[in-house]
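Reviewing the structure listed below.
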Amino acid sequence: MKTKHYRLMQRTYMVLFFCFMYLPIAYMMIFSFNESKGYALFTGFTLKWYKSLFTNSTILNALWLSLQIALFSAIIATIMGTMAAIGISSMGRKSRLLVTNLTYLPVVNPEIITGISLMLLFVAYQKFAAGEGWLAEMLPDQIMGFPTLLIAHIAFNVPYVIFNVLPKLRQMDIRLYEAALDLGCTPRQAFFKVVLPEISPAVVSSFLICLTYSIDDFMISYFNSGTRETLPLQIYSMTRKKVSPEIYALSTIMFCIILTIILVSNAWDTHTYKKNQIKN
């Protein structure tokens, strides 16, 4: 009797949890097809808000900028983070512990602190570039915009890559790399033929994490975008005036795209795991 009661409580909790998490999203998706601008009563099915969204040049420009920043920063951060993780894993125990703790600081830091500190760095650079001398003449005196956004997103994403790749490197049998060297591979060939295939699931998942974090980020972009507006910044400026059903349509599209990426990533990881199990 106690077991049945316990299972009923478990199921009730799970239902309430998923309702709390996903009912607002379902509500938003339903009203993105609402004929009227109201959000209290569904008056009829329509696609006009999606049509209006794809003809809104302001939103499309912000979306294009966000996608560019997300893609470039995810690629660069994944490469840099993977290289850093390999370097950290080869350190001694004390050095590895010290560097790991230092790398963990940006993760636990509030985003507003990271955003403001990066902004101050870029402002100091601009003041230096606006000074006198031959070095100042070679430097651009205005970098706030795409360059600062890209650098800030890379700096924000790199620690997540490191902490995602490091556990995979610890699981890898180092003797495989040493065997490849003994069989005539150069260190570079051994890395691409042995190490990289072993850690590729972590690298791919790191890239996807960076991509989604970068598209979603508001705080870092707010302080380092200059006059440029990413999609979260554009949505924020729109909601300050009035919530438009176009935002519902845009959020629905973003949710579906991210959900698809997650499902494809999980399916790929499952396929890789089963393939490795068959080999073993």
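Summary of computed values
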quantity	calculated
Loop-located trypsin sites (Lys or Arg not before Pro) in region 183-280, at most 16 other Cβ atoms within 10 Å (DSSP)	Lys242
Residue-wise HN-Hα coupling along region 70-82, computed from phi with Karplus coefficients 6.51, -1.76, 1.60 (Hz; x: Gly, Pro)	5, 5, 5, 5, 5, 5, 5, 5, 5, 5, 5, x, 5
Integer Hz, Karplus 6.51/-1.76/1.60 couplings in order for region 186-201, x for Gly and Pro	6, x, 5, 5, 5, 5, 6, 9, 10, 5, 4, x, 5, 9, 4, x
Extension gain, Ile112 back to Leu259 (0.36 nm per residue minus Cα-Cα distance, nm)	50.2 nm
Cleavage-rule hits (trypsin sites (Lys or Arg not before Pro)) in region 1-70: DSSP loop, at most 13 neighbouring Cβ within 10 angstrom	Lys37
Helical mean residue ellipticity (222 nm; -39500 (n - 2.57) per DSSP H run of 4+; nearest 500) of the chain	-26500 deg cm²/dmol
Under 30 Å from the Cα of Lys242 - lysines, other chains or at least 8 residues apart	Lys37, Lys48, Lys51
Backbone HN-Hα couplings from phi across region 253-262 [Karplus 6.51/-1.76/1.60, Hz, Gly and Pro as x]	5, 4, 4, 5, 5, 5, 4, 5, 4, 5
Directionally averaged projected area (convex hull, Cα atoms, the chain), nm²	23.9
Positive-end extreme of charge dipole, the chain - chosen from Ser225, Leu53, Gln126 (charges on Cβ)	Leu53
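Taken together, the values in this text are just the output of simple stated rules run on the coordinates, not laboratory data. Note that the structure is predicted; figures quoted are calculated from it, not measured. Cβ sites come from the backbone with ideal geometry, for glycine too, and all protein chains shown count toward neighbours.
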